[in-house]
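The values are calculated or read from the model by the stated rules, or taken from the named source; none is laboratory data. Keep in mind it's a predicted model, so treat the numbers as computed, not measured. In this analysis, Cβ positions are derived from the backbone assuming ideal geometry, glycine residues included, and neighbour counts consider all displayed protein chains. Heavy atoms of the whole protein, side chains included, go into the accessibility calculation; ligands, DNA and RNA do not. Shrake-Rupley method; radii C 1.70, N 1.55, O 1.52, S 1.80 Å.
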Amino acid sequence: MAAIGVTACEPADTSSSGKNPVATTAPARTTSSPADDTGDPEDAGVVSKAVLNYVGMGLQSAQDTAQQDGFYVLKSHDALGRDRMQAFDRNWKVCSQNIAAGTTVPTDTTLDFGTVKLEETCPAKDEKPPSAEGGKLPDFKGKSVKAARAALDPSTSFSVKDASPEARWVLVESNWEVCTQSPKAGTAINGQPVSVTAVKFGESCP
């Protein structure tokens, strides 16, 4: 008697966070031989569509709408440049999108949403996190501690202290704003330790 094998499938994870794409299942591409190729783009599972305007929508609603329209490769990022993760999509809203509304693109194009939390105001344009490109230490002042750390090589020794007299622990680094740094911005990076002082966003640096 022949044995019948059964394979279990796990459901796809449809949540998104930070800069990671939403894990969804896109329509499968199909191939055909030249003899039976009709030239119909629907045969390939990917068509071209005009991108909708998602700005002003909640992130979860924007993602759901995009998927209903056939766009399954979705990403999101912190529009304030603080490198926060969008762990709970319903708590974030869309401020910008990488493909302008009305632009016609294939449905396998990546859509990237710039987002802020619901209670926050969208910036005039997306704020980019600091970058150490060029081998110089970036200016971290006003940036989140998390973004400052992420701009450096993972092997770099990095320390942070509360700039206030309270000596608080800096636990959620994306909620803390850099006040001072050492070495100063523009210093050539040569593996030296980097230290910063910080306060919580909304507080004033001493």
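A few notes on this one:
- Net +/- balance of residues flanking residue 57 in space, Cβ distance below 10 Å, scoring K and R +1, D and E -1: 0
- Label-reachable residues, the range 127-155, where backbone N falls under 14 Å from a point 7 Å from residue 101's Cα toward its Cβ: none
- With all protein chains modelled, accessible area of residue 99 [1.4 Å, Å²]: 30
- Subtracting the Cα-Cα distance of residue 195 and residue 90 from their residue separation scaled by 0.36 nm leaves 34.3 nm.
- Label-point gap, in nm, between residue 131 and residue 182 - each point 7 angstrom along Cα→Cβ: 3.0
- Which listed pairs, of 75/146; 117/200; 75/184, have C-alpha distances above 26 Å, in listed order: 75/184
- The shape of the range 63-206 can be summarised by an equivalent ellipsoid whose semi-axes, obtained from the alpha carbon gyration tensor, come to 33, 18, 12 Å from longest to shortest.
- 14 Å beta-carbon shell around residue 201, net charge (K/R +1, D/E -1): -1
- Loop GluC sites (Glu not before Pro), the range 120-206, which have at most 10 other Cβ atoms in a 10 Å radius of their Cβ (DSSP): 133, 166
- Between residue 110 and residue 48, residue separation times 0.36 nm minus the direct Cα-Cα distance comes to 21.0 nm.
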